[in-house]
Ligand SMILES: Nc1nc2c(ncn2[C@@H]2O[C@H](COP(=O)(O)OP(=O)(O)O)[C@@H](O)[C@H]2O)c(=O)[nH]1
Ligand SMILES: [Mg+2]
């Protein structure tokens with residue numbers, strides 16, 4: 001796999017997250033419900049040390065509900081508080097607030113037992129790019145618009161959003177890098193649009209999607225593309241291309257356009273509710 005993070009960038013990201021961590025009682029780690037493991041950061045565990053965390057599986061509206069439940073059970077069995085949400089669902093956002101309040105209270109209670117004065121608990125949101133950090137911060141802040149864009153260095157000073165009387169949130173998220181230890185992880189992240197389309201060849205990512213769907217959700221391929229096999233990938237692309245008007249003069253199918261259609265359909269949920277990995 002050719003994806004590389006420069007050690008300098010990783011060190012800087014790690015430093016920034018570590019600085020912010022000092023300010024909070026616990027963290028809220030965001031992952032993508034369609035690939036909750038691949039969208040985690042491998043180093044977070046080390047960086048966090050003893051800091052409590054909860055996991056929010058974002059974009060549950062695009063994921064396979066059965067698999068999402070398996071993930072919730074999986075995290076639960078490991079003693080990790082987790083909740084799956086759709087950012088636009090008010091009730092889901094309330095669930096995040098409830099769990100965060102509870103986790104924060106446990107931490108504050110411990111501190112109070114050690115002699116500090118009771119205060120609101122403080123948390124920060126962490127996650128890889130595009131997972132929905134800014135969106136969730138806005139929902140928790142109950143604001144329509146807040147600063148978006150993952151630009152390192154734009155933050156001048158940390159501000160706190162008072163979500164509830166007893167729970168405050170850092171207004172800027174911690175940005176983590178994804179992991180690329182296995183090729184498969186790169187393809188999953190590229191499929192859901194977390195990694196930019198320029199990094200892995202688009203046609204390869206689209207072929208990965210077709211193969212994965214054929215193995216796990218064959219009915220969805222049939223329903224959306226009337227596609228019943230992908231043994232011959234070229235033929236599969238041509239079939240979709242012809243159906244969806246990706247023909248060039250001379251009758252050739254434009255494979256790049258076909259790839260765009262496959263990836264767009266996946267990312268917008270038009271292919272169905274799909275999870276790209278299950279626990280284990
Ligand atoms: N379908 C869906 N899209 C979401 C959800 N949460 C965030 N998004 C979208 O994901 C994209 C990235 O969100 P953003 O908050 O900018 O991610 P960030 O890079 O982590 O700050 C945006 O297009 C959001 O609208 C969700 O629960 N469901
Ligand atoms: Mg953002």
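Annotations
- Scan of the range 154-176 for residues that are away from ligand 1 (no atom under 16 Å from the Cβ) and either within 24 Å of the chain's Cα centre (by Cα) or at pLDDT 75 or above (or both), ordered by number: 158, 159, 160, 162, 163, 164, 165, 166, 167, 168
- Any chance residue 260 is assigned to a helix (DSSP H, G or I), out of contact with any helix residue (DSSP H, G or I) (no Cβ under 9 Å at 6 or more places or on another chain) and not assigned by TED's automatic domain parsing to the domain that holds residue 68: no
- Flag for residue 38 being crowded, with 18+ Cβ neighbours inside 10 Å and either farther than 25 Å from residue 107 by Cα or more than 14 Å from the chain's Cα centre (by Cα) (or both): yes
This table checks each residue for (1) outside any loop (DSSP other than H, G, I, E, B); (2) surrounded by fewer than 17 Cβ atoms within 10 Å (Cβ to Cβ); (3) out of contact with any strand residue (DSSP E or B) (no Cβ under 7 Å at 6 or more places or on another chain); (4) in contact (Cβ under 8 Å) with a residue 60 or more places away in the chain.
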{"position": "10", "(1), (2), (3), (4)": "yes, yes, yes, yes"}
{"position": "28", "(1), (2), (3), (4)": "yes, no, no, yes"}
{"position": "31", "(1), (2), (3), (4)": "yes, no, no, yes"}
{"position": "67", "(1), (2), (3), (4)": "yes, no, yes, yes"}
{"position": "70", "(1), (2), (3), (4)": "yes, yes, yes, yes"}
{"position": "95", "(1), (2), (3), (4)": "yes, yes, no, no"}
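- For the range 217-257, the set of residues classified as within 27 Å of residue 275 (Cβ to Cβ) and not in a helix (DSSP H, G or I) consists of 217, 226, 227, 228, 229, 230, 231, 232, 244, listed by residue number.
- Residue 138 within 15 Å of ligand 2 (Cβ to nearest atom), at positive phi and modelled with pLDDT of 90 or more: no
- So residue 116, is it at pLDDT below 95, surrounded by fewer than 20 Cβ atoms within 10 Å (Cβ to Cβ) and touching a helix residue (DSSP H, G or I) at 6+ places or on another chain (Cβ under 7 Å): no
- The set of residues from the range 12-26 being part of a loop (DSSP other than H, G, I, E, B) and free of Cβ contacts under 8 Å to residues at least 40 places away in the same chain comprises just one member, 22.
- Assessment of the range 197-216 against the conditions (more than 22 Å from residue 277 (Cα to Cα) and not in a helix (DSSP H, G or I)) yields at least one matching residue.
The values are calculated or read from the model by the stated rules, or taken from the named source; none is laboratory data. In this text the structure is predicted, and so the values were computed from the model without any measurement. Quick reminder, even Gly has a Cβ in these numbers, built from the backbone with ideal geometry, and neighbours come from all protein chains shown.
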